[in-house]
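Reading through the structure tokens given below for one structure.
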Amino acid sequence: MAEFDYQGPLAKMLTTHSDPIRYQLVMGEQHIDLNALMGHRLHLNYLGQVHCQACGRKGKKSFGQGYCYPCFRSLPQCDSCMMKPETCHFDAGTCRDEEWAREVCMHDHIVYLANSSSLKVGITRISQVPVRWMDQGASQALPIYRVASRRLSGLVEVIFKQHVSDRTSWQAMLKGAPEPQNLREQATRLFDLCREPLAELEREQGIHRLIRLDDAKPYDFTYPVSRYPTKVKAFNFDKEPLASGVLEGIKGQYLIFDTGVLNVRKFSGYLVGLSLEQEHV
């Protein structure tokens, strides 16, 4: 096997909110300062093995961004309600792990507006502020509701989704910063449009469980990018084991090379070797 400067299973990049955001590439127990590698040529070689990020089982395929199939089928974090929290089935007694749900889902969540490729609504655990927005590549974010559970955040999001998207166009996000938005004005507009269904939800759930955040602090983010691509070509380790090029930027969970982009989070658990060319290009 070839020698690499670093080797290990990939995991979601770690972020620090600064100007610009600081990134660390996680490969097993190793954390690599990516900002320091801007302008350097990197070679990421997939070594044909996937390590389940839950149980460590080694295999050839990944399910749900880094899990083996048994874990994907059994773990609560892989359940469909994590993508659609309004479908939470805890009260029906069919939760995959009630203790886990009490620790993760039955705590305060934030409903927010963000500007990544354009205006969007989303939800996140309060402990994930502001990490969630950096992972999405958002340029701006504003918390608009604090609610008592994940399911409740999903119900609020469903109401807002009638008027604003809940999706990010990752290709547009990687082509540059979006036009700035006045998120406070957008929030006021949405509150007016959604007044009746929000009031009904408050009556049903209890007003103390939904707190409108009129004075919330807005967030702004800048990313370490020297040049955005005009066309976005994505590397895919399932088709080609090498992602290589000059590192020109990092945004969201993407590495931006002069030759293409790599979604690091998508390949969580993939065993990869990283080689560095020491000279700055």
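Kindly evaluate residue 103 against the criterion of being in contact (Cβ under 8 Å) with a residue 40 or more places away in the chain and in a helix (DSSP H, G or I). Steps first, answer last, please.
Values: in contact (Cβ under 8 Å) with a residue 40 or more places away in the chain: no; in a helix (DSSP H, G or I): yes.
For residue 103, the condition - in contact (Cβ under 8 Å) with a residue 40 or more places away in the chain and in a helix (DSSP H, G or I) - is not met.
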> Looking at the stretch 33-78, which of its residues are more than 18 Å from the chain's Cα centre (by Cα), surrounded by fewer than 19 Cβ atoms within 10 Å (Cβ to Cβ) and part of a strand (DSSP E or B)?
Replying inline: 33, 40, 43, 47, 48, 49, 58, 59
> In the list 104, 147, which residue meets the criterion of being in the same structural domain as residue 86 (by TED's automatic domain parsing) and within 14 Å of residue 213 (Cα to Cα)?
Replying inline: 147
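State which residue is nearest to residue 186 (Cα to Cα) when the search covers only the stretch 141-173 and only residues that are under 14 Å from the mean Cα position of the chain (by Cα) and crowded, with 17+ Cβ neighbours inside 10 Å. Break it down into steps so the answer makes sense when it comes.
Applying the first criterion (under 14 Å from the mean Cα position of the chain (by Cα)) to the stretch 141-173 yields 141, 166-170, 173.
From the residues that got through so far, the ones that are crowded, with 17+ Cβ neighbours inside 10 Å too are 141, 168, 170, 173.
Values: 141: 11, 168: 17, 170: 22, 173: 20 Å.
Among residues in the stretch 141-173 that are under 14 Å from the mean Cα position of the chain (by Cα) and crowded, with 17+ Cβ neighbours inside 10 Å, the one nearest to residue 186 (Cα to Cα) is 141.
This table checks each residue for (1) under 30 Å from residue 146 (Cα atoms); (2) free of Cβ contacts under 8 Å to residues at least 60 places away in the same chain.
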| site | (1), (2) |
| --- | --- |
| 207 | yes, yes |
| 213 | yes, no |
| 222 | yes, no |
| 256 | no, no |
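Scan the stretch 101-133 residue by residue and report those that are in contact with a helix residue (DSSP H, G or I) (Cβ under 8 Å, 6 or more places away or on another chain) and under 18 Å from residue 159 (Cβ atoms).
Restricting attention to the stretch 101-133, the residues satisfying the condition of being in contact with a helix residue (DSSP H, G or I) (Cβ under 8 Å, 6 or more places away or on another chain) are 101, 104-119, 121-125.
Scanning the stretch 101-133 gives 109, 110, 111, 112, 113, 114, 119, 121, 122, 123, 124.
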> Could you say which residue among 275, 268 is surrounded by fewer than 20 Cβ atoms within 10 Å (Cβ to Cβ) and modelled with pLDDT of 95 or more?
Replying inline: 275
> Taking interchain pairs and intrachain pairs at least six residues apart, which have beta carbon atoms under 6 angstrom, with the first residue in the stretch 148-175 and closer than 14 Å to residue 138 by Cβ and the second assigned to a helix (DSSP H, G or I)?
Replying inline: 168/136
>> Out of everything in the stretch 202-258 that is assigned to a loop (DSSP other than H, G, I, E, B) and aliphatic (A, V, I, L, M), what residue ends up being surrounded by the most Cβ atoms within 10 Å (Cβ to Cβ)?
In response: 216
> Since residue 138 meets every condition but one in (1) of a type outside the set (Lys, Arg); (2) more than 29 Å from residue 186 (Cα to Cα); (3) at pLDDT 95 or above; (4) part of a loop (DSSP other than H, G, I, E, B), which condition does it not meet?
Replying inline: (2)
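The values are calculated or read from the model by the stated rules, or taken from the named source; none is laboratory data. If you're wondering where the values come from, they're calculated on a predicted model, not measured in any experiment. Glycine also receives a Cβ, built like all others from the backbone with ideal geometry; neighbour counts cover every protein chain displayed.
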